[in-house]
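For reference, the structure is listed below as structure tokens.
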Amino acid sequence: MENIEIKQNDYKTILSYKGKIDGIVDSCNINEFLNCIEGSLKKSISKAKGILINFILHEEQSLFIITDYMAAIHNLADEDADIIFNTEQVLNIDKDKISYEIITTGL
């Protein structure tokens, strides 16, 4: 129950920023995630006041890759952006895939 409350609070925090909202829910090969967020979403990340990212990956995958991806997102984002991310490791996803949800607000 606590995890659901945390996620709800994360959504409330990110959605509290006034302005346009952009986002995506998708999955891709785990090694190609940064290529998947090219284009308009990269622009949204760079202009956003709030960013929420949820990752789902196989439980046998190292979380170090998420650290690398979050460092890249921090480099794209404004230094004052509020960035929240969650990671869930599960068994029911291909070991080579990553599912993600990215919401940007305050555009």
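Note on the chain: with charges restricted to the Cβ of Lys and Arg (+1) and Asp and Glu (-1), its dipole about the Cα centre is near 500 debye. Look at (1) 14.1; (2) 13.6; (3) 14.8: the one that is Kirkwood radius over Cα pairs in Å derived from this structure is (1). Only protein atoms count toward the accessible area here, which uses a 1.4 Å probe; on the chain, the carbon and sulfur part of that area reaches 49 percent.
For segment 11-107, the number of Lys pairs with C-alpha atoms closer than 27 Å, counting only pairs eight or more positions apart or on separate chains, is 16.
At 1.4 Å probe size, with every protein chain present, just tell me what the per residue accessible area of the chain comes to in Å². Spell out each step's value before the answer.
Working: 6510 Å² over 107 residues.
That works out to 61 Å² for each residue.
Relative to the current alpha-carbon distance between residue 7 and residue 46, full extension at 0.36 nm per residue lengthens the span by 11.7 nm.
Close amide-amide hydrogen proximity is noted between residue 48 and 78, each under 5 Å apart and 5 or more residues distant or on a separate chain (H modeled in the peptide plane; Pro and chain starts excluded). Residues considered: 15, 57, 91. Largest GNM mean-square fluctuation over the chain, using C-alpha springs under 10 Å, is found at 91. Couplings 3J(HN,Hα) of segment 79-94, computed from phi: 5, 9, 5, 8, 10, 10, 9, 10, 10, 10, 9, 9, 8, 8, 9, 4 Hz, in residue order, whole Hz [Karplus 6.51 cos²θ - 1.76 cosθ + 1.60, θ = phi - 60°; x for Gly and Pro]. When the charge dipole of the chain is built from unit charges on Cβ atoms (+1 for Lys and Arg, -1 for Asp and Glu) and taken about the Cα centre, the candidate among 87, 52, 67 whose Cα reaches farthest toward its positive end is 52. Scalar couplings 3J(HN,Hα) for segment 54-61, obtained by applying the Karplus form with A = 6.51, B = -1.76, C = 1.60 to θ = phi - 60°, are 10, 10, 10, 9, 5, 5, 8, 6 Hz; x denotes Gly and Pro.
The values are calculated or read from the model by the stated rules, or taken from the named source; none is laboratory data. As the structure is a computational prediction, the values presented were derived from the model and not from experiment. Heads up, the Cβs are rebuilt from the backbone with ideal geometry, glycines too, and the neighbour counts pull from every protein chain shown. SASA here: full protein model, heavy atoms, side chains in, ligands and nucleic acids out. Shrake-Rupley method; radii C 1.70, N 1.55, O 1.52, S 1.80 Å.
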